[in-house]
Amino acid sequence: MTYSSKVLDHYENPRNVGSFAQDEEGVATGMVGAPACGDVMKLQIKVGKDGVIEDARFKTYGCGSAIASSSLVTEWVKGKTLDEALTIKNAQIAEELALPPVKIHCSVLAEDAIRAAVADYKKKYTGE
Amino acid sequence: MKLPIYLDYSATTPVDPRVAQAMIPWLAEKFGNPASRSHAFGWEADAAVEAARENVAALIGAEAREIVWTSGATESDNLAIKGAAHFYQDKGRHIVTVKTEHKAVLDTVRELEREGFEATYLDVRENGIVDLDVFRAALKPGTSVASVMLVNNEIGVIQPVAEMGAICREKGVIFHVDAAQATGKIGIDLKNLSVDLMSLSAHKTYGPKGIGALYVRRKPRVRLEAQMHGGGHERGMRSGTLATHQIVGMGEAFRLAREEMATETPRVRALRDRLLAGIQGIDATYVNGDMEQRVAHNLNVSFAYVEGESLMMAIKDIAVSSGSACTSASLEPSYVLRALGRDDELAHSSIRFTLGRFSTEEEIDYAVQLLRAKVGKLRELSPLWEMVQEGIDLNTVRWVAR
């Protein structure tokens, strides 16, 4: 398996690795995937009072492409509103990282992680 | 020390320089066809082929005339299993093998199933070894062939083929053993083993790729239906012009293996144990397969909460294999590790280290340091590791899998 230079960059220098405290104000968590499938992504967003994502953190168990996909989305969601964040599609992630067809599922999982984090935020803070 | 470090000797081995030297004259200079009976070119090639046959036979305690040259262990497995199953089909059409066999055996048996044969794929115990009672119980009156590997390619465990052979002999079942991963690693003496057919490969034992052999027992005589038809070479069992240079290479490789096994095995074992000790210093690592009934050069370890492919990427300065076949679209973890009952998560996290003739202590120490650093780094990235540190039992988590 050869990786694109962008995947290698995110893999070797992952952005925004870590976790926020669960009870921190404005924090929501999306966790998707399963160990048995070889991929688990945890994406956390921290949303300001204005509804804009101020910061994001991730942890990922998975291959290099999975790590790169989640690292990339932490960068992309920052500065976006929740609705804007939901417009990020797996195809954009796959294109940015030049993922080969067998790794498309990594970008799909990253999109799912955004959806899960946004859904968690809405459940926690707006009662949706 | 040169990077990357090769720790994948079970995938293939380098041709020993002494073997390469022995092969060279048989290409341009002494190019005769060993089947040419009418001139000196053929005679000298034939003599070289027969000398190599003696060396291959000697490593496994066989007679030279029991050795049939093939293109490698895959062809040997095909010839042995299909050849015996077809020849003895009047006796029965049931084949017994094991779930952890190499694909060359499993896919050959599957092909026989498509032809109407019946097959049983035996489970292994948690340590990777077949239970002899399970093996015995699987042999039915209609069983014609049983096929069990001597040394497993992924986890290096040694199957009890001596006992299995005795059971097969008692029940009149032809017994095939794939020994591709065993030659030069453990002693094999076919004079004292009830094995009827044995597959051999050169390139796992410091010989060239593209050459192998099948041992076919003479007493009691084992018959095969040829799979390759033509000039009637190799007593009709495998037609095709003999590749003199390859055969000379395999002969020399097996001669060296016989001479050096006694000193090489303890050296490699010491290095493997040094690697094991280093890896055991890392939290949450699990050895896959029995550590006692195992070849000296193999170590298969699961690094829990770290995915195998990302670990391989992190340790690209050492060349190893992963049990996770994440590169395929299917995301299937190793079928061998699953057969041990390892859960999928640990199967995805496994790395196979196989050491060999040119491995050094310096290389092992480098590998251990690299593993320590990279496993630590990937665990910092791993949500599973974080959850375990928080005391969460991962088996109680409801995963959102697609």
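Annotations
- Proximal aspartates and glutamates relative to residue B:374, as straight alpha-carbon distance under 12 Å, when same-chain residues fewer than 8 apart are discounted: A:12, B:307, B:317
- q = 0.09, 0.10, 0.12 Å⁻¹: log10 I(q)/I(0) that the Debye formula gives for the protein assembly as shown, counting C-alpha atoms only: -0.73, -0.85, -1.07
- Applying 1/(1 + (r/R0)^6) with R0 = 51 Å to the Cβ-Cβ distance of residue B:133 and residue A:52 gives a FRET efficiency near 0.15.
- Across all C-alpha atoms in segment B:239-355, the radius of gyration and Dmax reach 17.6, 55 Å.
- Residue order for B:39, A:10 - accessible surface, 1.4 angstrom probe, largest first: B:39, A:10
- Normalised by the number of residues in chain A, the average gap of Cα pairs under 8 Å and 6 or more apart makes the relative contact order 29 percent.
- Each pair of Cα atoms in chain A enters the Kirkwood radius, and Stokes-Einstein at 4 °C and 1.567 mPa s then converts it into a translational diffusion coefficient of 90 µm²/s.
- Alpha carbon centroid spacing (whole Å) that separates segment B:354-390 from segment A:61-93: 28 Å
- Summing both sides, the accessible surface hidden between B and A at a 1.4 Å probe radius is close to 2600 Å².
- Counting only alpha carbon atoms, the long axis of helix A:64-77 and the longest principal axis of chain A meet at about 40°.
- FRET efficiency for the residue B:293 to residue A:2 pair, using the beta carbon distance and R₀ = 35 Å, is estimated at 0.40.
- For segment B:198-348: relative contact order, % (alpha-carbon pairs under 8 angstrom, 6 or more apart): 14 percent
- Across peptide B:200-212, the mean count of Cβ atoms from other chains lying within 10 Å of each residue's own Cβ comes to 0.
- In a DSSP loop and with at most 14 other Cβ atoms within 10 Å, there are no chymotrypsin sites (Phe, Trp or Tyr not before Pro) in segment A:1-46.
- Within straight-line cross-link reach of residue B:219, lysines at Cα separation under 18 Å, skipping those fewer than 8 residues along the same chain: B:171, B:191
- Qualifying GluC sites (Glu not before Pro) in segment A:76-119, where qualification requires a DSSP coil assignment and no more than 14 other C-beta atoms within 10 Å, are lacking entirely.
- Shielding of peptide B:305-312 by partners, expressed as the average count of other chain Cβ atoms within 10 Å per residue Cβ, is 5.
- Each principal axis of the Cα cloud of chain B was taken in turn, and the coordinate range along them, longest first, works out to 78, 53, 37 Å.
- Given chain B, longest segment not containing exposed loop GluC sites (Glu not before Pro) (DSSP; at most 10 other Cβ within 10 Å): B:30-291
- Average accessible area per residue (Å²) across the protein assembly as shown - probe 1.4 Å, nucleic acids and ligands excluded: 41 Å²
- Mean residue ellipticity (222 nm) of chain A, computed from DSSP H runs ≥ 4 via -39,500 (n - 2.57), nearest 500: -12000 deg cm²/dmol
- Label-to-label distance, nm, for residues given as residue B:125 and residue B:225 (7 Å Cα→Cβ offset): 3.8 nm
- Mean separation of Cα pairs under 8 Å and 6 or more residues apart, divided by the residue count, gives chain B a relative contact order of 21 percent.
- Positions from segment A:76-117 whose accessible area shrinks by 40 Å² or more when the full protein complex is built, not the chain alone, probe 1.4 Å: A:102
- In chain B, helices alone account for a calculated mean residue ellipticity at 222 nm of -12000 deg cm²/dmol, with every DSSP H run of four or more residues adding -39,500 (n - 2.57).
- Per-residue average of Cβ from other chains inside 10 Å of B:377-390: 5
- Straight-line reach from residue A:6: taking Cα to Cα under 15 Å and skipping same-chain neighbours fewer than 8 places apart, the aspartates and glutamates in range are A:75, A:95, A:96.
- Local charge for residue B:86 was computed over the other residues whose Cβ lies under 12 Å away, with Lys and Arg +1 and Asp and Glu -1, and equals 0.
- Remark: accessible surface ordering of B:8, B:365 (largest first) is B:365, B:8, probe radius 1.4 Å.
- In this structure, the residue pairs whose Cα-Cα separation is over 20 Å, taken from B:2/B:316; B:2/B:377; A:46/A:123; B:30/B:204, are B:2/B:377; B:30/B:204.
- Using R0 = 22 Å, the C-beta based FRET efficiency linking residue B:360 and residue B:273 works out to 0.90.
- Within the accessible area of chain B (1.4 Å probe), percent carbon and sulfur: 51 percent
- Qualifying trypsin sites (Lys or Arg not before Pro) in segment A:15-102, DSSP loop, other Cβ atoms within 10 Å at most 12: A:49
- Segment A:44-100 shape via C-alpha gyration tensor axes, a/c threshold 1.5: oblate
The values are calculated or read from the model by the stated rules, or taken from the named source; none is laboratory data. These figures come from a predicted structure and were not determined experimentally. Here the Cβ is made from the backbone with ideal geometry for all residues, glycine too, and neighbour counts use every protein chain on show. The protein model used for the area step is the full one, side chains on, heavy atoms only, and it has no ligands, DNA or RNA in it. Shrake-Rupley method; radii C 1.70, N 1.55, O 1.52, S 1.80 Å.
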